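A quick write-up on the structure given underneath.
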Amino acid sequence: MTGRFCGVIVISAREPRSWAVILRQCSLKANATVFEGTVIGDGTIVGEGAVIHGIKIWPGKEVEPGATVNSSIIWGSQGRRVLFGRYGVTGVVNIDLTPEFSAKLGAAFGATLPKGAYVTINRDMHRSPRMIKRAIISGLPSAGINVWDLGSQPLPVARYFTKISGAVGGVHVRLSPFDERVVDIGFMDSQGLNISKAKERDVERIFFREDFRRVYLEDIGTIDYAQQVKEHYIEDFLKTPQYQSH
């Protein structure tokens, strides 16, 4: 059964009298779709064309136009339509970027890579990136990806090791230099460079559709600490003509 309420499509797949609950002072824009069982709290804004799948949205939240929301929005401030911005995937730690979110993000990135491949992962010294990094690590092996944990290295060192190690990609987790509440998650390709926009879209597609690759027991990836990360960087730096000319 399909009904309309203030320009919103409310869909009930089973019971004709099963409806979504939309509370006070909500703003639901044109062509938004709300499936049965949804509860939308006071003062929530649902953007144009957004799709809400039978979940709970606590008061005062905002769902971006065109977003598809499959899980409840309780702590985070927004329902996202895209993941990536200028600094990768960013958000307030334990609000927008939770351990659960980060594990799913790791699984989504892993699903875009060949099964059995290696990925490096690095972080800065703060405890927030450490927590998020460990959550991402838990998602990667589930997609059949092996992880080289670099510990906490300067970003140029992490990029260089990713390039020379044979890894197909890398992840760097840092505390935002602009807001200490925010963590940035950056993704690298096999050359240690930021991943392309096309790769970002692939990760987003898998993340939002929850189309994760779950491998069998014998194909679950390994997690190891990478060896001599800084030593490789220093040794090769000392061999450069620019250094030797001095």
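The values are calculated or read from the model by the stated rules, or taken from the named source; none is laboratory data. Since we're looking at a predicted model, the values are computed, not measured. So basically every Cβ, Gly included, is an ideal-geometry build from the backbone, and we count neighbours across all protein chains shown. Please note that ligands, DNA and RNA were not included when accessible areas were found on the heavy atoms of the full protein model with its side chains. Shrake-Rupley method; radii C 1.70, N 1.55, O 1.52, S 1.80 Å.
In terms of distances greater than 24 angstrom between alpha carbons, the cross-link table entries 56/199; 133/230; 197/230; 133/239 yield 56/199; 197/230; 133/239. Expressed as a whole percent, the accessible surface of the chain that belongs to carbon and sulfur atoms is 53, based on a 1.4 Å probe.
Taking 211, 179, 149 as the candidate residues, the one with maximal mean-square fluctuation in a Gaussian network model of the chain, Cα springs under 10 Å, is 179.
Quick one, which of (i) 0.95; (ii) 1.08; (iii) 1.01 is the actual Rg/Rh (Cα atoms, Kirkwood Rh) calculated for this model? Read-out from the structure maps to (ii). Think of segment 44-180 as a dipole: +1 on every Lys or Arg Cβ, -1 on every Asp or Glu Cβ, centred on the Cα centre; then among 156, 176, 53, 156 lies furthest on the positive end. Got a sec? Which residues in segment 52-73 would a label at residue 25 touch, if it sits 7 Å along Cα→Cβ and we count backbone N under 11 Å? Under cut-off, by backbone N: 60. Among the chymotrypsin sites (Phe, Trp or Tyr not before Pro) in segment 121-220, those placed in a DSSP loop whose Cβ has at most 11 other Cβ atoms within 10 Å are 178, 216. Extending 7 Å from the Cα toward the beta-carbon at both residue 242 and residue 215 defines two label points whose distance is 3.7 nm. Note down the relative contact order for the chain as a percent, whole number, built from C-alpha pairs under 8 angstrom at least six residues apart. Dividing the mean separation by the residue count of the chain yields 14 percent. The angle between the Cα long axis of helix 229-238 and the longest principal axis of the Cα atoms of the chain comes to about 50 degrees, rounded to the nearest 10. For the chain, the longest principal axis of the alpha carbon atoms and the long axis of helix 99-111 meet at an angle near 70°.
Full extension of the segment from residue 71 to residue 164, taken as 0.36 nm per residue of separation minus the current Cα-Cα distance, would add 29.6 nm.
Of all DSSP beta bridges in the chain, what percent run antiparallel (nearest 5)? Can you show the working numbers first?
Working: 17 of 48 bridges.
Bridges in the chain are about 35 percent antiparallel.
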